[in-house]
Amino acid sequence: MKLPIGIQDFEKIRTGGYLYIDKTEHVYRLASEGSYYFLSRPRRFGKSLLLSTIKALFLGKRELFKGLAIDQKEDWDWAVHPVLHLDLNTNKYDKAEVLERKLDESLNEWEAFYDCARPDLPLGMRFEKVIKAAYEKTGQRVVILVDEYDKPMLQAIGNKELQDEYRGTLKGFYGALKSMDGCIKFAMLTGVTKFGKVSVFSDLNNLMDISMLNKYHNICGITEEELLRTFDGNINELAENNGMEREECIDKLRRMYDGYHFNHLSKEGIYNPFSVLNTFEFGSYWFETGTPTYLVELLRRHYYDLEEMATSEVTSDVLNSIDAESTNPIPVIYQSGYLTIKGYDREFQMYRLGFPNQEVEEGFIKYLAPFYLDNREERSVFDIRSFTSDVREGKVEQFLSRMKSLFASAPYDSVKGDKENHFQNMMWVVFKMMGFYSQTEYHTSDGRIDLLVETPQYRYIMEFKLDGTAEEALQQIKDKNYQLQFFGDSLATKKDQGKTYIIGVNFSKETRTIDRWVVE
């Protein structure tokens, strides 16, 4: 069957002979057990297709569901309901009037269809009247579906005034879902994030958030069982095209695109569906669709430690909502799909986060690089090859000299404030881009190493100072005995094969690069 790459319309998939992974068991459960739902999932994860499936179901298009799970449910009546479908994903919300115009256009269309035009009323009241008119004219309760409800709010991150305007507009508009409850059969809102504080949902206490419920963990995306069953022939073809054995190909698919967990109880990971559908050649397809710049701006604005981001521990309250005024970027990063749940501490109710898979980790590092470094093509190719070789061969003076030049060539506006953290992040980005194991703020029994880098033959323990001295940085390593943390491990005991270097580095705010280093 044909792969539905980029197709988000259920009817088009079913009538066009495209492959479809059956999620209608989940849809049946939603419709049978409740009425109002909210679902948060990363972009390109199938939220739009899910809503399109629900729309076709409530429009009574039974012929589209032949052979699917819900077609076997004898208690489903296949009644035709009026469906109001609002998709906020199609606009750029850089001005308050853009959102109002989008809502106005949708209301005009619905009002014309149900003959209830009242352009003189506020948007929320018009929405109430549309719901009432649809119910009265059809005799069936209304189904309301909102796709990417949070797109305006996300695009206004960092602009409190605009975000407050959007919040007020949406809060009044969505309030109709509660006031017109008697006329509504089913409602579902989807988005990437969930905003806290004075939320657009504050009046909707009947809205069930299923984002982290275990029974809906695979409502979007692809499980490994679904992957192996549905894409059996595609996997064989992918393996052959890449000169790989089938199991080797499956293992690479798992490393590249699996690993999403939306609940700490779910043992199976979820594959990114967009990447899987595109993967006749392995690549970073999810990132190629466009990574929002607000993510990097959040990290830079708050001087956030990148390694800390990739190994965060947070409470469920942090994961579940975003506050536009917060200095913590982790909720946005997590809900946008760049981090996922890796573990859970039951005693302290803390979630451990990390990159879900290789595609996301590599893509995120490469995406960050231009914001910190000189990304001119002709010098980056030379730097990468030579720098990597120097690190692998233990040529400390050479790779630090190259690093100094790279820092000096970084765009002036990439250095935000007078923070040591910025330089530390730049170092981390460079080493991660080269594929080396690297970790900032590595915890020891007596402190935290600023940067630890390991290769099969060498280990580099680095301490940084900003407008201090390299000697002070080196002395801190000695005073804290950071190097003793690694004595006795496999690398340190390899005779004539490995060596641990301790390196003190001083950065200069004035020159915006490395001022001096000392090595032992």
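Pairs under 7 Å by beta carbon, first residue touching a residue at least 40 places away in the same chain (Cβ under 8 Å) and basic (Lys, Arg) in the stretch 27-41, partner outside any strand (DSSP E or B) and surrounded by 19 or more Cβ atoms within 10 Å (Cβ to Cβ), six or more apart or different chains?
Arg41/Lys47; Arg41/Cys220
For the stretch 208-225, state whether one or more residues are without any contact (Cβ under 8 Å) to a residue 24 or more places away in the chain and in a helix (DSSP H, G or I).
Going through the stretch 208-225, the residues without any contact (Cβ under 8 Å) to a residue 24 or more places away in the chain turn out to be none.
Looking through the stretch 208-225, none of the residues is without any contact (Cβ under 8 Å) to a residue 24 or more places away in the chain and in a helix (DSSP H, G or I).
Among (1) of a type outside the set (Asp, Glu); (2) more than 33 Å from the chain's Cα centre (by Cα); (3) open to solvent by 70 Å² or more (accessible area, probe 1.4 Å); (4) modelled with pLDDT under 90, which single condition is Gln475 missing?
Failed condition: (4).
Give the residue, chosen from Phe371, Phe431, Phe355, Phe399, that is open to solvent by less than 70 Å² (accessible area, probe 1.4 Å), at pLDDT below 80 and farther than 21 Å from Glu510 by Cα.
Details: Phe371 fails: farther than 21 Å from Glu510 by Cα; Phe355 fails: at pLDDT below 80; Phe399 fails: at pLDDT below 80.
From the options Phe371, Phe431, Phe355, Phe399, the qualifying one is Phe431.
Residues checked against (1) charged (D, E, K, R); (2) open to solvent by 70 Å² or more (accessible area, probe 1.4 Å); (3) modelled with pLDDT of 90 or more:
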site	(1), (2), (3)
Tyr174	no, no, no
Ser179	no, no, no
Lys185	yes, yes, yes
Phe201	no, no, no
Leu228	no, no, yes
Met244	no, no, yes
Asp251	yes, no, yes
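Being assigned to a loop (DSSP other than H, G, I, E, B) and either hydroxyl-bearing (Ser, Thr, Tyr) or closer than 22 Å to Leu228 by Cβ (or both) is the filter here, so list the residues in the stretch 18-40 that pass it. Can you show your working first?
Of the stretch 18-40, the ones assigned to a loop (DSSP other than H, G, I, E, B) are 19-23, 34-35.
Matches in the stretch 18-40: Leu19, Tyr20, Ile21, Asp22, Lys23, Ser35.
Name the one entry in Glu347, Glu361 that is open to solvent by 10 Å² or more (accessible area, probe 1.4 Å), assigned to a loop (DSSP other than H, G, I, E, B) and at pLDDT below 85. Explain how you work it out, then say what you get.
Values: Glu361 fails: assigned to a loop (DSSP other than H, G, I, E, B).
Unique residue meeting the criteria: Glu347.
What do you reckon, is Leu170 under 22 Å from Val332 (Cα atoms), buried (at least 23 other Cβ atoms within 10 Å of the Cβ) and at pLDDT below 90? Explain how you work it out, then say what you get.
Values: under 22 Å from Val332 (Cα atoms): yes; buried (at least 23 other Cβ atoms within 10 Å of the Cβ): yes; at pLDDT below 90: yes.
Spelling it out, Leu170 is indeed under 22 Å from Val332 (Cα atoms), buried (at least 23 other Cβ atoms within 10 Å of the Cβ) and at pLDDT below 90.
Pairs needed: first member in the stretch 77-99, surrounded by 16 or more Cβ atoms within 10 Å (Cβ to Cβ); second member anywhere, in a loop (DSSP other than H, G, I, E, B) and among the small types (Gly, Ala, Ser); C-beta distance under 7 Å; at least 6 residues apart or different chains.
Here the result reads Tyr93/Ala156, each pair linking the stretch 77-99 to a residue that is in a loop (DSSP other than H, G, I, E, B) and among the small types (Gly, Ala, Ser).
For the stretch 152-187, how many residues are part of a helix (DSSP H, G or I) and of a type in the set (Val, Ile, Thr)? Give the steps one after another, and end with the answer.
So the first thing to find is which residues in the stretch 152-187 are part of a helix (DSSP H, G or I), and the list is 152-155, 160-174, 176-179, 181-183.
Among the residues that remain, those that are also of a type in the set (Val, Ile, Thr) are: 169.
Residues that pass the stated criteria total 1.
For the stretch 59-83, enumerate the residues that are aliphatic (A, V, I, L, M) and either part of a loop (DSSP other than H, G, I, E, B) or touching a strand residue (DSSP E or B) at 6+ places or on another chain (Cβ under 7 Å) (or both). Step through it out loud before you land on a result.
From the stretch 59-83, those aliphatic (A, V, I, L, M) are 59, 64, 68-70, 79-80, 83; that's our starting set.
Across the stretch 59-83, the qualifying residues are Leu59, Leu68, Ala79, Val80, Val83.
Hey, could you check the stretch 108-123 for residues that are touching a residue at least 12 places away in the same chain (Cβ under 8 Å) and charged (D, E, K, R) and say which is most open to solvent (accessible area, probe 1.4 Å)?
Top of the filtered list is Asp115.
Determine if the stretch 149-166 includes at least one residue that is at pLDDT 90 or above, within 25 Å of Lys47 (Cα to Cα), of a type outside the set (A, V, I, L, M, F, W, C) and crowded, with 20+ Cβ neighbours inside 10 Å.
no
Cβ-Cβ under 7 Å, sequence separation 6+ or interchain: first residue in the stretch 173-196 and farther than 16 Å from Val130 by Cβ, partner among the hydroxyl-bearing types (Ser, Thr, Tyr) and assigned to a strand (DSSP E or B). Which pairs?
Met188/Tyr37; Gly191/Ser40; Val192/Ser40; Thr193/Ser40; Lys194/Ser40
Do we have any residue at all in the stretch 57-65 that's farther than 29 Å from Pro356 by Cβ, open to solvent by 20 Å² or more (accessible area, probe 1.4 Å), among the acidic types (Asp, Glu) and out of contact with any Phe, Trp or Tyr (no Cβ under 9 Å at 6 or more places or on another chain)?
yes
The values are calculated or read from the model by the stated rules, or taken from the named source; none is laboratory data. Since we're looking at a predicted model, the values are computed, not measured. All Cβ positions, even for glycine, are placed from backbone atoms using ideal geometry, and neighbour counts span all protein chains on display. Note: accessible area is taken over every heavy atom of the protein model, side chains too, but ligands, DNA and RNA are not part of it. Shrake-Rupley method; radii C 1.70, N 1.55, O 1.52, S 1.80 Å.
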